[in-house]
1. From (1) outside any helix (DSSP H, G or I); (2) surrounded by 13 or more Cβ atoms within 10 Å (Cβ to Cβ), pick out the condition that doesn't hold for R297.
2. Go through the residues of the range 340-349 one by one and say whether even a single one is at pLDDT below 90, surrounded by fewer than 16 Cβ atoms within 10 Å (Cβ to Cβ), out of contact with any His (no Cβ under 9 Å at 6 or more places or on another chain) and of a type in the set (S, T, N, Q).
3. Which residues, taken from the range 62-88, are touching a residue at least 24 places away in the same chain (Cβ under 8 Å), over 25 Å from the mean Cα position of the chain (by Cα) and over 17 Å from T296 (Cα atoms)?
4. Pick from A185, A266, A213, A220: which is at pLDDT 85 or above and either buried (at least 22 other Cβ atoms within 10 Å of the Cβ) or closer than 30 Å to A119 by Cβ (or both)?
5. Taking the conditions exactly as written (in a helix (DSSP H, G or I), at pLDDT below 95, surrounded by fewer than 15 Cβ atoms within 10 Å (Cβ to Cβ) and not β-branched (V, I, T)), does N358 satisfy them or not?
6. Among (1) at pLDDT 95 or above; (2) under 30 Å from G167 (Cα atoms), there is one condition T400 misses while meeting the rest; what is its number?
7. Any idea how many residues of the range 410-431 are of a type in the set (A, V, I, L, M) and more than 17 Å from F72 (Cα to Cα)?
Amino acid sequence: MPFVALGPDVRQDDGRGGVAPALTRRGLSASILALGLAACTTAGPNYARPDTAVVNRPAAQGKFDSGTEKVFVDTPLPDHWWQLYGNPRLDGFVTEALAANTDLRAADANLRRADAVVAEVAAGRTLSTVLGGGTSLDRPYTSGGNLPGTLDYNLGITLAYPLDLSGRIRRGIEAAQGDAEAVAAARDTVRVTVAAETARSYAAACTANMVLAANNRVLALQRQTLGVTQRLQRGGRGTAFDVTRARTAVDQSEALIPAQIATRTAALYRLATLMGRTPADYPKDVATCARPPALTRPLPIGDGSALIRRRPDIRGAERTLAAATARIGVATANLYPQVSLGGSAGFTGPVSSLGSGNAFHVGLGPLISWSFPNRPVVRAQIAQAGASADQALAQFDSTTLEALRQTETALSAYAREGDRNAALRRAQSSAARAADQAGTLYRFGRTDFLSLLTAQAALTTAQANLAASDALLVDRQVDVFKALGGGWQA
C-alpha cells in the first residue's frame, strides 16, 4: 500500500540559489497531531490469566489426593531430583545426557529460531530506509514524425518511523514472545523427559542384573536338587521320572536367562543413546551394576500449586494462550490506519541538470497507510482470533487437568506397588523357608519328590515376582518425578 503524505513537500529559496525544506502551518499541525495520537490505547485485550482457568481452582492448588501415604512428604521437590538417590554415577549420566542429548539439541535450535522471530517482529517498530534510483527515456511521438528523447533520472532516499498508534506492532511482538516462551517450555519438557528416561534406563539395566541374579540363585538350587535326585536314583531311592522332572525345572530357569540379558542390553543401548553416544559406547560399568539406585526416605512431592508452577507443559499452554490473546489485538488493529513519521530527499529531473540545486527535493511529514477496511472481513478475522484464544484456553485447562491426573495416578501407582512389594517380600521369605524344609524332608525320605518340586517352583515364582516388583518400584518412582515436572532447571 503506497504511503500518502499528509505533510506536503514544500520548497523555498535558501538564499544561495538552492532549495531548502519548509513545513507549512498545516503540515506542522498534522505532524503534531500524529505525535499526540501516539499515546492511543493498544488495540485488543491485555492478557491476564482467566479467573475461570482450572489452575485457579482450590482443588487444583491444594494437596494431592494420593499424596497422604507414608511414602510421601509434602516438602518441595528438588530441581535435580535424581540427586536424592545419592548415586554419583547416576548424577554423571544425567548431566551428560542434558548436555549431549540430540532431542535437546533440536529443542534448543527451535528456541533460537523462535527468538529470531521475535527479533524480526520487533524490528518492525524501528526506522526503515529505502534507497532508490533509476533512469527513463521519454520520446514523444506525433504524427509529424519522431522527436529526440529526453533522458531523466531519479535518485532519493525515503525514511519512515512507524508510530504504531493502534498497537498492531506491539501486539505482534507480544504474540511472537508468547510463542517463543511456549517453545522454551517445550524445550524444558524435553529436559524433564531426558532426565527421567536416563534415570529409568540406568535403573532398568541394574534391575535386569538383579532379576538375573535372583534367577541364577533359583537355578543353583534347582541344579543342586537335580544332583541329589540323580544320586538317589543311582542308590535305588529315586526314579528316572524324578530326574526328568528335576531337569525340566532346570531347563525352564535357564530359558529365562537370554530374555533377561536382552532386557539389560536394551537398557544399556537406550542409556547410551540418551547420552548422545552410539549404542555400543554405553557405560561399561553399568553392565555389572548389581542393584538399582534406591531412595532411603519418603518422596518429596509438594502440592498442586507447586506442580502448576513447575510443569513446563502448563507454562507453555498458558504462553500459547497469551500469544493467541495478543493476536486478537493484531486483528483489531486492522480497523485503524497505520501512521508513520517519514521523510524523503533526492534529485529528480533531466540528466543534463544532474547535481543542480533546482533538481533537489525534500519532504517531511506523517505518512499514512490505510487499506480502508472491509469491516465484515476484519470483524471475521477478529472473530477467528477470538476463537483461537478460546481454543488455547481450553487447551490450557486440558493440559492442567492432564498434569494433575498424571501426578495423582503416578503417586497412587507407586504407593500401591510399595504395598505389593512388601507382600511379595513376605511371600518370598515364606517360600524360601518352605523350599528349604522340603529339601531336608526329601533327603531324609520324609516327603515325596513332587512336594519338593512344588516348593521349589513356589520359590522360583516368589523370587521372580519380587525381583520384577523391585524393578517396577524404581520405575514407578521415576514416573512420580517425571509427573511432578522436575529436572528442567539449568
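1. (2)
2. No, every residue in the range 340-349 fails to be at pLDDT below 90, surrounded by fewer than 16 Cβ atoms within 10 Å (Cβ to Cβ), out of contact with any His (no Cβ under 9 Å at 6 or more places or on another chain) and of a type in the set (S, T, N, Q).
3. Hits for the range 62-88 are G62, K63, D65, S66, G67.
4. A185
5. In short, yes.
6. For T400, the failing item is (2).
7. Residues that pass the stated criteria total 4.
This table checks each residue for (1) in a helix (DSSP H, G or I); (2) surrounded by fewer than 15 Cβ atoms within 10 Å (Cβ to Cβ); (3) not small (G, A, S).
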residue	(1), (2), (3)
R433	yes, yes, yes
Y442	yes, no, yes
T447	no, no, yes
L450	yes, yes, yes
A455	yes, no, no
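The values are calculated or read from the model by the stated rules, or taken from the named source; none is laboratory data. Keep in mind it's a predicted model, so treat the numbers as computed, not measured. FYI the Cβ positions are ideal-geometry reconstructions off the backbone, even for glycines, and counts take in every protein chain you see.
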